[in-house]
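To start, the structure under review is shown below, and the notes come after it.
Rule-based calculations on the coordinates, nothing more; no lab input. Only a predicted model underlies this, so the values are computations on that prediction, with no experimental measurement involved. When we count neighbours, we look across all protein chains shown, and the Cβ atoms used for this are built from the backbone with ideal geometry, even at glycine.
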Ligand SMILES: Cc1ncc(COP(=O)(O)O)c(C=O)c1O
């Protein structure tokens with residue numbers, strides 16, 4: 001009998017070693033990892049510079065608490081604000097925590113404007129995390145089921161529909177709009193190109209905060225360091241996690257302007273958040289991304305994968321649509337394809353299935369040979385379905 005709570009249903013495999021885009025299981029079998037631990041291990045497994053950074057920082061200092069200055073945390077905040085155009089940062093340990101901080105800042109923003117029922121607009125089919133506030137923000141009844149009463153004052157609108165947001169312009173309780181630039185968990189749903197620009201304008205007009213949840217799209221996944229940079233806009237609050245630590249748990253909530261002055265002593269905190277170890281790791285992740293031209297690789301490999309899938313599957317009767325931005329890729333089929341998860345595993349490939357959609361989030365360091373193998377394995381799975 002397992003002594004783990006049964007909230008996951010893991011596939012029947014355990015990995016003992018990782019190297020780049022490959023994982024090795026307990027029997028010594030190698031698997032191509034096209035999921036990166038759900039968009040986390042962006043620089044690949046056991047990247048040598050990340051391993052070195054973890055080892056040397058662990059030998060020096062791991063944790064002190066936020067009751068003292070943490071040099072690496074200040075350095076990371078400076079670096080990530082410079083790269084994003086944001087003003088300051090709070091560090092937690094996960095995407096959900098980054099979003100909790102964002103929601104708390106939005107509520108404080110409401111309070112500072114004498115709004116007693118501060119309300120946040122979020123999107124249907126969004127995913128923002130599993131804590132009570134973030135699952136309430138999430139636009140998916142399955143995630144919320146069983147957890148009533150939810151945290152109140154979230155309004156869910158259709159994603160990629162400007163009118164739906166505009167319709168709330170007269171609602172004086174609204175304090176923020178919170179969106180993923182591309183909806184990841186619901187199957188790589190990409191809005192029209194100027195959607196975020198239009199939302200930015202509405203927020204400016206109504207004095208609402210724009211919160212962008214880039215927990216999945218951030219840190220290079222779409223070919224820019226942050227997905228909203230494709231739109232040349234800056235949010236008021238930006239949340240990050242996943243790729244930022246390459247597997248070491250870290251979440252970040254960045255704020256700008258009026259949103260950056262609301263968390264004051266006593267309003268928020270995290271014992272582990274932003275410790276010397278995770279911050280050194282995240283600093284190294286950002287350095288490697290810059291030094292090794294990782295964003296160029298994301299664009300190049302993203303274009304290669306997308307064009308290969310489109311070409312090889314163009315006559316397939318099983319494919320409904322192929323969507324991608326950088327290395328966030330979805331192949332939506334016309335039928336449910338849950339069985340492909342196990343079949344992919346048997347073919348030594350790790351992927352994600354969401355309903356009728358195959359979702360791929362390969363490491364950002366994937367090379368052409370590995371991308372070619374990925375195309376051929378996925379196309380065979382689709383054709384044999
Ligand atoms: C867009 C988005 N926000 C938030 C989260 C939650 O992050 P975490 O699981 O680290 O709490 C996720 C996780 O998949 C996500 O994709």
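Rounded to the nearest 500, the 222 nm mean residue ellipticity of the chain from helices alone is -10500 deg cm²/dmol, with -39,500 (n - 2.57) taken per DSSP H run of at least 4 residues. On full extension, the segment bounded by residue 17 and residue 5 gains 1.8 nm, given 0.36 nm per residue less the C-alpha separation. Taking Rh as the Kirkwood radius computed over C-alpha pairs, what is the Stokes-Einstein D of the chain at 10 °C in a medium of viscosity 1.306 mPa s, expressed in µm² per second? The estimated diffusion coefficient comes to 74 µm²/s. From the alpha carbon centroid of region 284-330 to that of region 234-262 is 25 Å. The label-point distance for residue 377 and residue 158, in a model that sets each label 7 Å from Cα toward Cβ, rounds to 3.8 nm. Our summary gives region 144-249 a relative contact order of 23 percent, counting only alpha carbon pairs under 8 angstrom and 6 or more residues apart.
Using the Cβ-Cβ distance between residue 55 and residue 166 with R0 set to 56 Å, the FRET efficiency from 1/(1 + (r/R0)^6) comes to roughly 0.60.
Convex hull volume per residue, computed on the Cα atoms of region 284-338, equals 80 Å³. When each of the peptides 133-143, 237-247 is scored by the mean number of other C-beta atoms lying within 10 Å of its residues, the order from highest to lowest reads 237-247, 133-143.
Of the peptides 205-218, 277-290, the ranking by mean beta-carbon count within 10 Å, highest at the top, reads 205-218, 277-290. Computed extension length for residue 75-residue 300: 77.9 nm, one decimal, from 0.36 nm per residue of separation with the Cα-Cα distance subtracted.
Here the relative contact order of the chain, from alpha carbon pairs under 8 Å that lie six or more residues apart, stands at 23 percent. Highest mean packing first, where packing is the average number of other Cβ atoms within 10 Å per residue, the peptides 92-104, 351-363 line up as 92-104, 351-363.
When both region 61-109 and region 145-218 are represented by their alpha-carbon centers, they are found 22 Å apart.
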